[in-house]
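A short write-up of the structure that comes next.
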Amino acid sequence: MNNLMENYNYLELFLLIILTIFSGLSIRFTLGYAKQAWATTYHHTLSYALLPLITMIITTLIAGNLALSLGMIGALSIVRFRNPVKSPLELVVYFALITIGIGTAVNFQLSIILTVVINVVIIIFTKIQAVSEKKGKSLFSLSFEEGSTVNTMEVKSNSALKILEENKNLSELFSTNNPNTYNYRLLFSNKEEVSELREKIKSNKDIESIDIKYVR
């Protein structure tokens with residue numbers, strides 16, 4: 001019998017399962033609060049609920065049993081994950097969920113502490129970013145990997161546009177010499193900034209096209 005079952009009865013084990021699921025979901029809802037839209041999908045929500053639980057059960061099954069551990073490693077090596085990780089944060093969250101599951105099986109107090117710390121750190125950074133945006137600044141730039149969760153503007157021009165090159169939301173700029181064209185990609189967190197910039201540049205005769213994609 002593994003250590004977890006020796007230390008807890010079935011009711012306590014059930015409560016640990018609930019705790020593990022709640023811990024995973026709390027991170028999902030905190031990321032939603034931080035406007036990380038990629039984490040709020042149906043598949044991510046289920047993943048955050050089930051991954052810590054599955055990890056806890058696996059850790060419980062192989063604890064103190066070397067032969068079973070080797071067999072489980074061989075069985076799990078068959079699994080292949082085809083879904084690409086879109087950002088470093090997503091990868092870190094997966095590691096955190098796995099660690100929460102292991103922590104619940106070994107020492108649930110540490111698992112609770114880890115969950116609280118992760119949620120607090122996310123909330124703190126979200127608050128800091130919100131305060132800086134109110135002051136007209138931004139501590140963090142928007143990466144193209146976040147393109148599915150932000151508003152995008154792509155501008156093609158026959159000449160360099162200083163107003164775009166100096167814009168804080170500029171994500172990418174590339175140009176060609178023959179013909180002479182400048183291509184700008186900008187990422188925005190809200191639609192108002194997109195509309196304001198469009199009004200400023202739409203009368204420029206050197207601009208060939210302005211392509212805007214809003215978040216649904």
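The values are calculated or read from the model by the stated rules, or taken from the named source; none is laboratory data. On a predicted model such as this, the values are computed, not experimentally measured, just so you know. Here Cβ is always computed from backbone atoms with ideal geometry, including for glycine, and neighbour counts include all displayed protein chains.
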Subject >> Filtered residues of region 124-160 (kept if assigned by TED's automatic domain parsing to the domain that holds residue 87 and at pLDDT 90 or above) >> reply: 124
Original post:
Within the set of pairs 6+ apart or on separate chains, which have a first residue in region 90-113 that is of a type in the set (Asp, Glu), a second that is in a helix (DSSP H, G or I), and C-beta atoms under 8 Å apart?
Top reply: 90/38; 90/39
Original post:
When residues of region 191-213 are filtered for being closer than 26 Å to residue 40 by Cβ and either surrounded by 12 or more Cβ atoms within 10 Å (Cβ to Cβ) or β-branched (Val, Ile, Thr) (or both), how many remain?
Top reply: 6
Original post:
What helices (runs of 4 or more DSSP H) completely inside region 27-123 contain at least 3 residues that are farther than 18 Å from residue 15 by Cα and at pLDDT 75 or above?
Top reply: 42-62, 88-106
Subject >> Matching residues in region 151-190 - criterion: being among the β-branched types (Val, Ile, Thr), over 26 Å from residue 129 (Cα atoms) and surrounded by 13 or more Cβ atoms within 10 Å (Cβ to Cβ) >> reply: 155, 181
